[in-house]
1. For LEU24, enumerate residues with amide H under 5 Å from its amide H, sequence gap 5+ or separate chain, H modeled in the peptide plane.
2. Taking θ = phi - 60°, what integer Hz values does the Karplus form 6.51 cos²θ - 1.76 cosθ + 1.60 yield along the range 7-14, in sequence order, with x for Gly and Pro?
3. Note down the magnitude of the dipole of the chain about its Cα centre, charges +1 on Lys and Arg C-beta and -1 on Asp and Glu C-beta and zero elsewhere, to the nearest 20 debye.
4. Which value in deg cm²/dmol, rounded to the nearest 500, describes the helix-derived mean residue ellipticity at 222 nm for the chain, given -39,500 (n - 2.57) per DSSP H run of n ≥ 4 and division by the residue count?
5. Any idea what angle helix 25-35 forms with the longest principal axis of the chain, computed on alpha-carbon atoms, 0 to 90 degrees, nearest 10?
6. Would you check the accessible area of THR34, probe 1.4 Å, heavy atoms only, in square angstrom rounded to 10?
7. Write out the trypsin sites (Lys or Arg not before Pro) in the chain meeting two conditions: DSSP loop, and at most 12 other Cβ atoms within 10 Å of their Cβ.
8. Considering amide H positions built from the backbone, and no H for Pro or chain starts, which residues 5 or more places from ILE2, or on another chain, come under 5 Å of its amide H?
Amino acid sequence: GIPGDKRGKIFLPNFTTKSGGRGLGLAMVRNIVTGFGGEIHLVQSDEKGTIFQIVFPLGSESES
């Protein structure tokens, strides 16, 4: 899981808690998801793990 004091930073580039990490994973995922008009949210995190929710729009707003 992700400790509470780190949750606000997890999508920032270069933020990592791993000694050999680069801190690019979640920042890249967020960039890709938002680039397609979607959203990513941390839903739950505890000692067993973390759940993220990714939501994409069904279609273009210009389509009617």
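The values are calculated or read from the model by the stated rules, or taken from the named source; none is laboratory data. Values in this document were obtained by computation on a predicted structure and should not be read as measured data. Cβ: placed from backbone, ideal geometry, glycine included. Neighbour counts: every protein chain shown. SASA here: full protein model, heavy atoms, side chains in, ligands and nucleic acids out. Shrake-Rupley method; radii C 1.70, N 1.55, O 1.52, S 1.80 Å.
1. ASN14
2. Running phi through 6.51 cos²θ - 1.76 cosθ + 1.60 with θ = phi - 60° gives 4, x, 10, 5, 9, 7, x, 6 Hz.
3. 420 debye
4. After summing the helix terms and dividing by the residues of the chain, the value is -5000 deg cm²/dmol.
5. Result, in degrees: 10.
6. The accessible area comes out at roughly 70 Å².
7. Answer by residue number: LYS18, ARG22, LYS48.
8. ASP46
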